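Structure, as structure tokens:
The values are calculated or read from the model by the stated rules, or taken from the named source; none is laboratory data. Predicted model, so just to flag it, every value in this text is computed and none were measured. Cβ coordinates were reconstructed from backbone atoms using ideal geometry, including for glycine residues, and neighbour counts include every protein chain displayed.
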Amino acid sequence: MSEHRYADRVRSVEMSGIRKLFEAGGPDAINLGIGQPDFDTPDHIKMAAIAAIREGRTGYTPNAGIIELREAICEKLARENSLACRPEQILVTAGGSEALHLVMEALVDPGDRVLFTDPGFVSYAALATIAGGKPEGVGLDATLHIDVERAKEQMDGARIFVLNTPGNPTGAVESEESIRALVEYANDRKVTVVSDEVYEHFVYEKEHFSAARFGDDVITVNAASKTYAMTGWRVGYLAAPEDYIPEFLKVHQYAQACATSISQYAAVAAYTGDQEPVTRMRSEYRARRDLLYDGLTDLGFDFPRPEGAFYMFVPMGRNLIEKAIDAGVIIVPGSAFGSRAPEYARFSYATSPGNLSRAVERLGKLME
Ligand code: PLP
């Protein structure tokens with residue numbers, strides 16, 4: 001095998017510990033490792049994609065995305081997030097992932113500090129590093145919410161603060177008060193806030209607040225992926241103050257040209273069509289959360305009931321995490337999400353209630 005050379009920025013990044021779990025375990029394994037909806041994309045969205053194919057709407061689109069979709073996203077932001085914006089402020093991307101990537105590429109200079117929570121979504125540290133920046137974790141409090149005072153202490157001189165609520169891997173939903181305090185503090189110090197809201201519709205008791213309501217220098221990242229069970233369609237967007245868009249477009253047009261045309265037409269149907277499937281998925285996730293939470297707390301695990309997304313972050317100790325995975329209960333060790341929570345494991349409840357019950361039963365047997 002030949003030895004190739006790689007950029008240091010890239011070589012220092014590890015492959016995500018989660019992708020490896022896609023194929024983990026034997027035939028009898030119960031996979032609670034994967035962070036994607038187990039629902040099918042709603043039919044009216046599929047039909048819109050089929051129509052786009054049949055009608056030949058399959059060429060390149062404008063780099064920023066088709067105008068129908070950018071308008072639909074503005075209407076969605078007004079309706080659901082109390083945010084006023086114009087299509088010129090929207091850039092349609094290949095999922096939330098591309099939006100996060102191009103923001104880092106466009107804003108981060110070598111050595112710039114990029115803050116995000118630890119534990120947190122795996123991509124933030126990796127993308128900051130690939131962009132040449134310095135990733136820096138911010139600790140959570142005992143309830144797995146952002147420790148606002150600690151976050152403030154790290155804010156001075158940082159380039160970006162990534163806020164993710166509802167949070168992956170914790171399922172925590174931040175309060176209006178915390179979000180406002182973080183955004184105001186960050187923007188006062190010229191720290192750009194990147195607000196990752198991909199789980200906004202999966203909030204069970206509290207209310208979701210968009211960070212852009214509380215500051216002028218906030219970039220909202222979102223996607224059709226989780227909300228409409230469309231992870232494979234690769235369509236998402238960012239919404240930002242208008243002057244950002246031409247610079248972001250430089251990265252996007254050379255790396256991506258445009259998001260998939262067919263997926264963009266499907267996303268128009270998603271954002272403008274019947275929202276009942278979203279309501280149905282939310283209530284299903286909520287019931288599963290309660291099933292899994294009650295099962296795990298009955299076994300003696302002690303942690304607050306998560307308020308959103310479709311994850312549960314459970315303090316169970318490294319030994320038991322390993323034993324569980326060996327016994328075919330596929331969960332993700334906390335070490336995959338940073339350095340501060342190796343004793344925790346993430347359970348995804350985007351799977352059937354039957355699987356959740358069997359996983360709890362198997363864990364119970366292991367603990368006997
Ligand atoms: N942000 C968070 C917090 C996520 O958990 C994920 C996917 O797991 C993404 C962004 C990326 O989503 P997409 O599939 O739209 O790229």
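Below are the figures for this structure:
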{"read-out": "Single residue of ARG289, ARG189, ARG280 found to be surrounded by 16 or more Cβ atoms within 10 Å (Cβ to Cβ) and not hydrophobic (A, V, I, L, M, F, W, C)", "value": "ARG289"}
{"read-out": "Positions within the stretch 107-139 being touching an Asp or Glu at 6+ places or on another chain (Cβ under 6 Å) and either surrounded by 17 or more Cβ atoms within 10 Å (Cβ to Cβ) or aromatic (Phe, Trp, Tyr) (or both), in sequence order", "value": "ARG113, LEU115, ALA131, GLY133, GLY137"}
{"read-out": "Only one of ILE67, ILE90, ILE53 that is surrounded by 15 or more Cβ atoms within 10 Å (Cβ to Cβ), in contact with a helix residue (DSSP H, G or I) (Cβ under 9 Å, 6 or more places away or on another chain) and among the hydrophobic types (A, V, I, L, M, F, W, C)", "value": "ILE90"}
{"read-out": "Set ALA72, ALA49: member being part of a helix (DSSP H, G or I), away from the ligand (no atom under 16 Å from the Cβ) and outside the structural domain of THR220 (by TED's automatic domain parsing)", "value": "ALA49"}
{"read-out": "Residue that is surrounded by the fewest Cβ atoms within 10 Å (Cβ to Cβ), among those in the stretch 196-230 that are near the ligand (Cβ under 9 Å from one of its atoms) and polar (S, T, N, Q)", "value": "SER225"}
{"read-out": "Single match in VAL268, VAL314, VAL251 (criterion: within 27 Å of GLU205 (Cα to Cα) and either surrounded by fewer than 20 Cβ atoms within 10 Å (Cβ to Cβ) or away from the ligand (no atom under 13 Å from the Cβ) (or both))", "value": "VAL314"}
{"read-out": "ASP188 being among the acidic types (Asp, Glu), in the same structural domain as THR220 (by TED's automatic domain parsing), closer than 23 Å to LEU127 by Cβ and away from the ligand (no atom under 15 Å from the Cβ)", "value": "no"}
{"read-out": "Lone unmet requirement of (1) buried (at least 21 other Cβ atoms within 10 Å of the Cβ); (2) more than 16 Å from the ligand (Cβ to nearest atom); (3) within 23 Å of PRO169 (Cβ to Cβ) for HIS101", "value": "(2)"}
{"read-out": "Filter result for GLY35 (modelled with pLDDT under 95, closer than 30 Å to PHE214 by Cα and within 15 Å of the ligand (Cβ to nearest atom))", "value": "yes"}
{"read-out": "Some residue of the stretch 167-180 being surrounded by 24 or more Cβ atoms within 10 Å (Cβ to Cβ), touching a helix residue (DSSP H, G or I) at 6+ places or on another chain (Cβ under 7 Å), in the same structural domain as ALA99 (by TED's automatic domain parsing) and among the small types (Gly, Ala, Ser)", "value": "no"}
{"read-out": "Residue match in the stretch 296-305 (condition: buried (at least 17 other Cβ atoms within 10 Å of the Cβ) and in a helix (DSSP H, G or I))", "value": "yes"}
{"read-out": "Residue match in the stretch 231-246 (condition: crowded, with 16+ Cβ neighbours inside 10 Å, aromatic (Phe, Trp, Tyr), assigned to a strand (DSSP E or B) and in the same structural domain as ALA94 (by TED's automatic domain parsing))", "value": "yes"}
